[in-house]
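J.: Below: one structure in structure tokens.
The values are calculated or read from the model by the stated rules, or taken from the named source; none is laboratory data. Note that the structure is a prediction, hence the values are computed from the model and not measured. Glycine gets a Cβ as well: all are built from the backbone with ideal geometry, and neighbour counts include every protein chain shown.
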Amino acid sequence: MNAPIIVFAYNRPKHLLKTLTALAGNKGAQGSELYLFIDGPKTEDGRALQNEVKAVAESFKNRFASFRLTVSQKNKGLAASVIGGVTEVIRKHGKVIVVEDDAVANEGFLSFMNEALDFYQNDKTVWSVGGYTVPLQLPKDYSCDVIKTQRSSSYAWATWQDRWERVDWDVSDHSAFRRSMSLRRGFNRWGNDRSGMLDDQMAGKINSWAIRFDYAMYRNGMYNIVPVRSLIQSIGHDGSGTNNQALSDEQNPFYIKSDNTAELHPMQAEPDERIRREFCKPFDLPPHYRAKQYLLHTLHKR
């Protein structure tokens, strides 16, 4: 049985149109339930734009097995919207596929995600499944269709209720983590930006569900599975997103077109150190910046 699809939207009707058009063209879309959550505007001036987003959403109500639209009158913010929406749907269905409103899927995306949810459901090393893969050069002798990483992608992903409910959204052990160089090094193995992001989240400087989701994956010793070739193209690095600045395709280290010819399947895989090093390159920060972050968030709080 296909997992329900959740799409989170805010104030980008043109992006949402591309995202829903791609999803509706996927194999399996007509057999999938669609839940669409639209966050409220930050000011009343944004109400008209919210109505545009709602109109785009409603134009797809007959393209899926069922269509359920939730429009918030208040602005919750991305983190609260995602946590609340996923919790609601996953408790009903036991599993979910989540897509942001700036993620354009290739036509095999839903097939891969549903197959992966079934394949890895009882694999207690797998925390989640992703549809987006960063640009990277694979070793010539790597023959798997998937990569086992310890970093998720918020663009498009899937998980199960038993994993989702293990996330400590309060990060109650952050005080110990903040002072532990071994824990910080471990978390940073899949991108040395991560400890600083978690510190920023706990200091109220950012509002991210994803860094807390990743931290729970790390603390549980589990992994995210992604295809070797991206099934998702992100179209949100144009300055329109809440957390994104405008970048050209050449400037954006995460830019990649989804591979529309890819027909990939889940299979058993193990972390590969060569791939890990390549995978982390777009995320890694220079040493001086990391040292500054550590001093700001750690030493002065002792």
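J.: What's the number of the only condition in (1) of a type outside the set (D, E, K, R); (2) assigned to a helix (DSSP H, G or I); (3) surrounded by fewer than 17 Cβ atoms within 10 Å (Cβ to Cβ); (4) touching a Gly at 6+ places or on another chain (Cβ under 9 Å) that M113 fails to meet?
T.: Only one criterion is unmet by M113, namely (3).
J.: Now a separate question. Between a residue in the stretch 160-183 that is farther than 25 Å from I225 by Cα and any residue that is in a loop (DSSP other than H, G, I, E, B), which pairs come within a Cβ distance under 8 Å, given they are 6 or more apart or on different chains?
T.: Here the result reads F177/V171; R178/T298; R179/T298; R179/R302, each pair linking the stretch 160-183 to a residue that is in a loop (DSSP other than H, G, I, E, B).
J.: Do we find that F8 is in contact with a Ser or Thr (Cβ under 8 Å, 6 or more places away or on another chain), more than 27 Å from I211 (Cβ to Cβ) and crowded, with 20+ Cβ neighbours inside 10 Å in this structure? Break it down stepwise before answering.
T.: Numbers: in contact with a Ser or Thr (Cβ under 8 Å, 6 or more places away or on another chain): yes; more than 27 Å from I211 (Cβ to Cβ): no; crowded, with 20+ Cβ neighbours inside 10 Å: yes.
So F8 does not fit the description; no.
J.: Quick one: how many residues across the stretch 248-289 are over 25 Å from K124 (Cβ atoms), aromatic (F, W, Y) and at pLDDT 65 or above?
T.: Let us first name the residues in the stretch 248-289 that are over 25 Å from K124 (Cβ atoms), namely 248-263, 274, 277-278, 281-289.
Subset that is aromatic (F, W, Y): 254-255, 283, 289.
Subsequent filtering for residues that are at pLDDT 65 or above retains 283.
So the count comes out to 1.
J.: Please pick out the residue among L34, L69 that is surrounded by fewer than 23 Cβ atoms within 10 Å (Cβ to Cβ), assigned to a strand (DSSP E or B), within 21 Å of the chain's Cα centre (by Cα) and aliphatic (A, V, I, L, M). Give the derivation first.
T.: Numbers: L34 fails: surrounded by fewer than 23 Cβ atoms within 10 Å (Cβ to Cβ).
Exactly one residue qualifies, and that residue is L69.
J.: Restricting attention to the stretch 132-163, which residues are over 17 Å from V86 (Cα atoms) and in contact with a Phe, Trp or Tyr (Cβ under 8 Å, 6 or more places away or on another chain)?
T.: Taking the stretch 132-163 as the starting set, the residues that turn out to be over 17 Å from V86 (Cα atoms) are 132-151.
Across the stretch 132-163, the qualifying residues are Y132, V134, P135, L136, I147, K148, T149, Q150, R151.
J.: Right, something else. Quick check: is even one residue across the stretch 60-73 in contact with a Gly (Cβ under 6 Å, 6 or more places away or on another chain) and either closer than 21 Å to T159 by Cα or of a type in the set (A, V, I, L, M, F, W, C) (or both)?
T.: Of the stretch 60-73, the ones in contact with a Gly (Cβ under 6 Å, 6 or more places away or on another chain) are 65, 72-73.
If we keep only those that are either closer than 21 Å to T159 by Cα or of a type in the set (A, V, I, L, M, F, W, C) (or both) as well, we get 65.
Yes, some residue in the stretch 60-73 is in contact with a Gly (Cβ under 6 Å, 6 or more places away or on another chain) and either closer than 21 Å to T159 by Cα or of a type in the set (A, V, I, L, M, F, W, C) (or both).
J.: Can you tell which of V89, V82, V96 is assigned to a helix (DSSP H, G or I), under 30 Å from G40 (Cβ atoms) and in contact with a Pro (Cβ under 9 Å, 6 or more places away or on another chain)? Walk me through how you get there before you give the answer.
T.: Details: V82 fails: in contact with a Pro (Cβ under 9 Å, 6 or more places away or on another chain); V96 fails: assigned to a helix (DSSP H, G or I).
One residue alone meets the criteria, V89.
J.: Taking I235, is it in contact with a helix residue (DSSP H, G or I) (Cβ under 7 Å, 6 or more places away or on another chain), crowded, with 17+ Cβ neighbours inside 10 Å, modelled with pLDDT under 95 and within 20 Å of G131 (Cα to Cα)? Full working, then the answer.
T.: Details: in contact with a helix residue (DSSP H, G or I) (Cβ under 7 Å, 6 or more places away or on another chain): yes; crowded, with 17+ Cβ neighbours inside 10 Å: yes; modelled with pLDDT under 95: yes; within 20 Å of G131 (Cα to Cα): yes.
Judged against the criteria, I235 is a match.
J.: Sort through S128, S175, S154 and tell me the only one that's of a type outside the set (F, W, Y) and at pLDDT below 95.
T.: The unique qualifying residue is S154.
J.: Within the stretch 125-140, identify whether any single residue is within 19 Å of G221 (Cα to Cα), polar (S, T, N, Q) and either assigned to a strand (DSSP E or B) or touching a residue at least 24 places away in the same chain (Cβ under 8 Å) (or both), and answer yes or no.
T.: Let us first name the residues in the stretch 125-140 that are within 19 Å of G221 (Cα to Cα), namely 125-130.
From what's left, polar (S, T, N, Q): 125, 128.
In the following step, the residues that additionally are either assigned to a strand (DSSP E or B) or touching a residue at least 24 places away in the same chain (Cβ under 8 Å) (or both) were identified as 125, 128.
The answer is yes; a qualifying residue exists.
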